[in-house]
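Trainee: Just passing along the structure, written as structure tokens.
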């Protein structure tokens, strides 16, 4: 801590506390490294609107001023001309712009000394004036009447000297006690908080950004992937209720529906939501139990202390677990990196983009052309960097690569290789670039099971399997084609998809991956759960992570009911957890003592966003095409939507009497004599047969039909009704499909037999 000088007066202005941030963005991603939130001038090459505030001085007089800042490209001085300093800005007092220009030197955060200014009133207007629009940054501004004053450059989070100088009350605001506190407002934490609240628990949700959704927010714009199949339990409906409508990654601001996500969470009476709060310290009751989590308001500096029975680390990084001393694992290098995507559009007239003297020396061949007006997930780096300590450097390198690529397209005569008639990108303009990083892999908090790729590929069963992962084992690596210029820090990725995950039905991830093996009241949900690097490749997508949160919310209710630990839920109360997982997301109770009821204000999610039909969801007797023997001539397909189970089969038609006639025989036995409706399923396509021969053999005899399979079946779930027939118990009924005389491909999927009440 710096010495207090008796005659000196100091005034500290935190950038995040400005009355009006103007076009500057509040960046909270790197507090754990540099100690504070800060303002970022992320203007895509256009100077952002001034940030303004009113500063109160203890007295008038001459003040020297300092700004805590950095030259963000100086870290990359071996690759670029760092002296060009893209992030330049100035201060203004009243209507007077001050010298010097800041942001021109220093690879690391430091206090850059300015000059001296005469303060002739105790209240003055202070302005941050961005000069470039290229990511200038300001942590804080300090004024002192002592020109030899040396501000403390510690990177400690919210150090005591700052709090004293700002006049922030050092007494913490007590919040709680809660039944569970979720830290992290992405899909995992938000869906977990909703689930716990509807179980009747008192819940806190802490998020260090102003919006919910994490990677699936308008700030990062990754579309939510992973299916939410009905499978074992209806734990995907809360996820689908919360999920947005984004169909591209990155999509538009509107598609990510920040307001909808906020409304759903704040509509829950049992949830206390704390946006813009950064959890920075964990208090331990013992070596194995968390007492409280401290978080500070990233705008005011106020500290809140959250006490709870249980905590859930949904940060994605595992930071709460690591601070608590939880067992965890990381890999030294070769991890999946972080993306900062970007987008552009064509204007009606030419748009200039400044030539960047500080850009990487890229040509069009050095990167994939950003098709469809957006640069996608594969703009990724940081594979061998530390995912926490080097996080700001990774983000800056991603942005540097993107700005440099755009500079190449705009200023180096690049042509649209996909549209030869389109000349240089004269009318193209940047519309968006993520400054919040989309991280994939940091650390894994270890539970009683560490799930492996072998477990998943071999479909190893676990009694507590619950969350169905439906993404392939998707691991990212630097793409060699684009790594030649910067082999030590490539920024274009390739995805390698492994086999072995049933993407329709899913593999059930065990509950024991969702709690710490050595911190007794710590859950985890999201991409920091207990899996290996390879297994992370499938469980890390957002909808899968959201379902983890839903399960944690239900398990937390059992902990509260029995004063149990998360491990006790598995060892003693697993059947009760299974019962709770059977409860749909639109059912709630007000508290632990209340009865569950169906809330009419909540949506009933019946469409779980499947493009196929689980057989168990169909009534009656269902014979799937996978249940019958077929010759090798039949082709398997799954591309046409709304098929039953794993897909369908098809075969080309042949003339009547041809030697290669193919038949498909669906045989079944009814449980009792009676009338039954017979239906057959197909998915229409223009190349399907217009006269597919179908025969039904029943107690009534044999009846033949011709079905036009180019037309969609009229009944639900892609079924065509063949009629009502009599069948006798013990005597097989048969539906036969043939390709003889068919004009087009004959398609088979499933046959359904439904009893008819007389």
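The values are calculated or read from the model by the stated rules, or taken from the named source; none is laboratory data. Just so it is clear, the model here is predicted, and its values are computed rather than measured. Quick reminder, even Gly has a Cβ in these numbers, built from the backbone with ideal geometry, and neighbours come from all protein chains shown.
Trainee: Take residue 546 and decide whether it is within 14 Å of residue 468 (Cα to Cα), in a loop (DSSP other than H, G, I, E, B) and in contact with a helix residue (DSSP H, G or I) (Cβ under 7 Å, 6 or more places away or on another chain).
Mentor: No; evaluated as a whole, the condition is false for this residue.
Trainee: So for the stretch 22-42 (the condition being in contact with a strand residue (DSSP E or B) (Cβ under 7 Å, 6 or more places away or on another chain), part of a strand (DSSP E or B), surrounded by fewer than 21 Cβ atoms within 10 Å (Cβ to Cβ) and at negative phi), does at least one residue qualify?
Mentor: The answer is yes, given that some residue of the stretch 22-42 is in contact with a strand residue (DSSP E or B) (Cβ under 7 Å, 6 or more places away or on another chain), part of a strand (DSSP E or B), surrounded by fewer than 21 Cβ atoms within 10 Å (Cβ to Cβ) and at negative phi.
Trainee: Pull up the stretch 220-237, narrow it to residues that are surrounded by fewer than 24 Cβ atoms within 10 Å (Cβ to Cβ) and under 11 Å from the mean Cα position of the chain (by Cα), then point me to the one that is nearest to residue 340 (Cα to Cα).
Mentor: Taking the candidates together, the pick is 223.
Trainee: Select, from 515, 573, the only residue that is farther than 27 Å from residue 337 by Cβ and in contact with a strand residue (DSSP E or B) (Cβ under 6 Å, 6 or more places away or on another chain).
Mentor: Result of the check over 515, 573: 515.
Trainee: Would you mention how many residues in the stretch 78-127 are part of a loop (DSSP other than H, G, I, E, B) and within 26 Å of residue 357 (Cα to Cα)?
Mentor: Selection size over the stretch 78-127: 19.
Trainee: Which of the residues belonging to the stretch 557-580 are crowded, with 19+ Cβ neighbours inside 10 Å and under 26 Å from residue 230 (Cα atoms)?
Mentor: Residues satisfying the conditions are 557, 558, 559, 566, 569, 570, 577, 580.
Trainee: Kindly establish whether residue 720 is in contact (Cβ under 8 Å) with a residue 12 or more places away in the chain, part of a strand (DSSP E or B) and in contact with a helix residue (DSSP H, G or I) (Cβ under 9 Å, 6 or more places away or on another chain).
Mentor: Against the criterion (in contact (Cβ under 8 Å) with a residue 12 or more places away in the chain, part of a strand (DSSP E or B) and in contact with a helix residue (DSSP H, G or I) (Cβ under 9 Å, 6 or more places away or on another chain)), residue 720 does not qualify.
Trainee: Just one of 461, 487 is in contact with a strand residue (DSSP E or B) (Cβ under 9 Å, 6 or more places away or on another chain), without any contact (Cβ under 8 Å) to a residue 60 or more places away in the chain, part of a loop (DSSP other than H, G, I, E, B) and in the same structural domain as residue 552 (by TED's automatic domain parsing); which is it?
Mentor: Of the residues listed, the single one that is in contact with a strand residue (DSSP E or B) (Cβ under 9 Å, 6 or more places away or on another chain), without any contact (Cβ under 8 Å) to a residue 60 or more places away in the chain, part of a loop (DSSP other than H, G, I, E, B) and in the same structural domain as residue 552 (by TED's automatic domain parsing) is 461.
Trainee: Looking for something modelled with pLDDT under 95, in a loop (DSSP other than H, G, I, E, B), within 24 Å of residue 335 (Cα to Cα) and not assigned by TED's automatic domain parsing to the domain that holds residue 252 - is there at least one such residue anywhere in the stretch 490-499?
Mentor: So far as the stretch 490-499 goes, yes, one or more of its residues are modelled with pLDDT under 95, in a loop (DSSP other than H, G, I, E, B), within 24 Å of residue 335 (Cα to Cα) and not assigned by TED's automatic domain parsing to the domain that holds residue 252.
Trainee: So for the stretch 277-291 (the condition being touching a helix residue (DSSP H, G or I) at 6+ places or on another chain (Cβ under 8 Å), in a loop (DSSP other than H, G, I, E, B), in contact (Cβ under 8 Å) with a residue 12 or more places away in the chain and under 29 Å from residue 379 (Cβ atoms)), does at least one residue qualify?
Mentor: Among the residues of the stretch 277-291, not one is touching a helix residue (DSSP H, G or I) at 6+ places or on another chain (Cβ under 8 Å), in a loop (DSSP other than H, G, I, E, B), in contact (Cβ under 8 Å) with a residue 12 or more places away in the chain and under 29 Å from residue 379 (Cβ atoms), which makes the answer no.
So that you can scan it fast, the table gives a plain yes or no per residue for (1) closer than 27 Å to residue 185 by Cβ; (2) in contact with a helix residue (DSSP H, G or I) (Cβ under 7 Å, 6 or more places away or on another chain):
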site: 473; (1), (2): no, yes
site: 480; (1), (2): no, no
site: 502; (1), (2): no, no
site: 508; (1), (2): yes, no
site: 522; (1), (2): yes, yes
site: 526; (1), (2): yes, yes
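Trainee: A follow-up question, please. Quick check on the stretch 563-582: of everything there that is at pLDDT 95 or above and not in a helix (DSSP H, G or I), which residue is farthest from the chain's Cα centre (by Cα)?
Mentor: So the residue we want is 563.
Trainee: Separate question: Scan the stretch 371-396 residue by residue and report those that are farther than 22 Å from residue 75 by Cα and either at pLDDT 95 or above or within 22 Å of the chain's Cα centre (by Cα) (or both).
Mentor: Selection gives 372, 373, 374, 375, 376, 377, 378.
Trainee: Follow-up. Please give the number of the condition residue 252 fails out of (1) touching a residue at least 24 places away in the same chain (Cβ under 8 Å); (2) in a loop (DSSP other than H, G, I, E, B).
Mentor: All conditions pass for residue 252, except number (1).
Trainee: Can you spot a residue in the stretch 171-186 that is within 26 Å of residue 27 (Cα to Cα) and without any contact (Cβ under 8 Å) to a residue 12 or more places away in the chain?
Mentor: yes
Trainee: Look at residue 47 and say whether it is crowded, with 17+ Cβ neighbours inside 10 Å, more than 13 Å from residue 138 (Cα to Cα), in contact (Cβ under 8 Å) with a residue 60 or more places away in the chain and within 32 Å of the chain's Cα centre (by Cα).
Mentor: yes
Trainee: Consider residue 556 carefully, then state whether it is touching a strand residue (DSSP E or B) at 6+ places or on another chain (Cβ under 8 Å) and within 20 Å of residue 223 (Cα to Cα).
Mentor: Answer is no for this residue.
Trainee: Take the residues of the stretch 667-685 that are in contact with a helix residue (DSSP H, G or I) (Cβ under 8 Å, 6 or more places away or on another chain) and more than 20 Å from residue 756 (Cα to Cα): which is surrounded by the most Cβ atoms within 10 Å (Cβ to Cβ)?
Mentor: The residue in question is 682.
Trainee: I'd like to verify a number: residues in the stretch 296-317 that are within 28 Å of residue 168 (Cα to Cα) and either touching a residue at least 60 places away in the same chain (Cβ under 8 Å) or surrounded by 24 or more Cβ atoms within 10 Å (Cβ to Cβ) (or both), how many?
Mentor: Result for the stretch 296-317: 15.
Trainee: I'd like to verify a number: residues in the stretch 686-707 that are surrounded by fewer than 17 Cβ atoms within 10 Å (Cβ to Cβ) and under 48 Å from the mean Cα position of the chain (by Cα), how many?
Mentor: 4
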